[in-house]
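Notes follow once the structure below has been shown.
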């Protein structure tokens, strides 16, 4: 069984998901994992597919043709399965603040400095209900190594958030 990750971006319109999923289905490949969303006026697809090596080669060729026909940008990358992650403890991190540049970088750097992996990260900026002030919200899943003392991590995260004017929470997933 071979694997590939596909990233596709194109102007948002009905049919993008159907077209890409149709190619995958036509070649009898499996969609193992995916994320799809509208960002700005673009629709972004991130998808992990698996199946026979020859079928993956055909998918890459067909995606190139589809991208040219439909004005899509795409990246096709062969990959392996994920390394064994036993012992890592999943936690959910939420951060909310008045929007300003650098929040994602600051939070990611905090966890990176502690050798904590970010497994998933979602952000959104929305206007506050009464004032219209842009409010930034982030939800991320992290993988904490068993060597990290959770009491110390929670305290450090609390002080980090306080220093950066962020409302943050760290809880078991």
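The values are calculated or read from the model by the stated rules, or taken from the named source; none is laboratory data. Because the structure is predicted, anything quoted here is derived from the model rather than measured. Don't worry about glycine lacking a Cβ; one is built from the backbone with ideal geometry, like all the others, and counts go over all protein chains shown.
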* Is segment 111-118 home to any residue that is assigned by TED's automatic domain parsing to the domain that holds residue 11, surrounded by fewer than 15 Cβ atoms within 10 Å (Cβ to Cβ) and more than 19 Å from the chain's Cα centre (by Cα)? -> no
Matching residues in segment 1-27 (exposed (fewer than 14 other Cβ atoms within 10 Å of the Cβ) and in contact (Cβ under 8 Å) with a residue 40 or more places away in the chain) number 2
Considering segment 28-58, residues that are in contact with a strand residue (DSSP E or B) (Cβ under 7 Å, 6 or more places away or on another chain) and assigned to a helix (DSSP H, G or I), and then whichever is surrounded by the fewest Cβ atoms within 10 Å (Cβ to Cβ), we arrive at 53
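Quick test for you: out of 153, 170, pick the one residue that is buried (at least 16 other Cβ atoms within 10 Å of the Cβ) and within 21 Å of residue 98 (Cα to Cα).
Step by step, each of 153, 170 is checked, and only 170 is buried (at least 16 other Cβ atoms within 10 Å of the Cβ) and within 21 Å of residue 98 (Cα to Cα).
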Residue 163 fails exactly one of (1) modelled with pLDDT of 95 or more; (2) farther than 30 Å from residue 52 by Cα; (3) surrounded by 11 or more Cβ atoms within 10 Å (Cβ to Cβ), namely (3)
| query | Yes or no: residue 95 in contact with a strand residue (DSSP E or B) (Cβ under 9 Å, 6 or more places away or on another chain) and modelled with pLDDT of 95 or more? | reply | yes
If we ask which residues in segment 65-93 are within 24 Å of residue 171 (Cα to Cα), part of a loop (DSSP other than H, G, I, E, B) and in contact (Cβ under 8 Å) with a residue 12 or more places away in the chain, their number turns out to be 3
Within segment 98-136, residues being closer than 14 Å to residue 165 by Cα, in contact with a strand residue (DSSP E or B) (Cβ under 8 Å, 6 or more places away or on another chain) and outside any loop (DSSP other than H, G, I, E, B) number 6
Within segment 137-149, the count of residues that are in contact with a strand residue (DSSP E or B) (Cβ under 8 Å, 6 or more places away or on another chain) and over 12 Å from residue 88 (Cα atoms) comes to 4
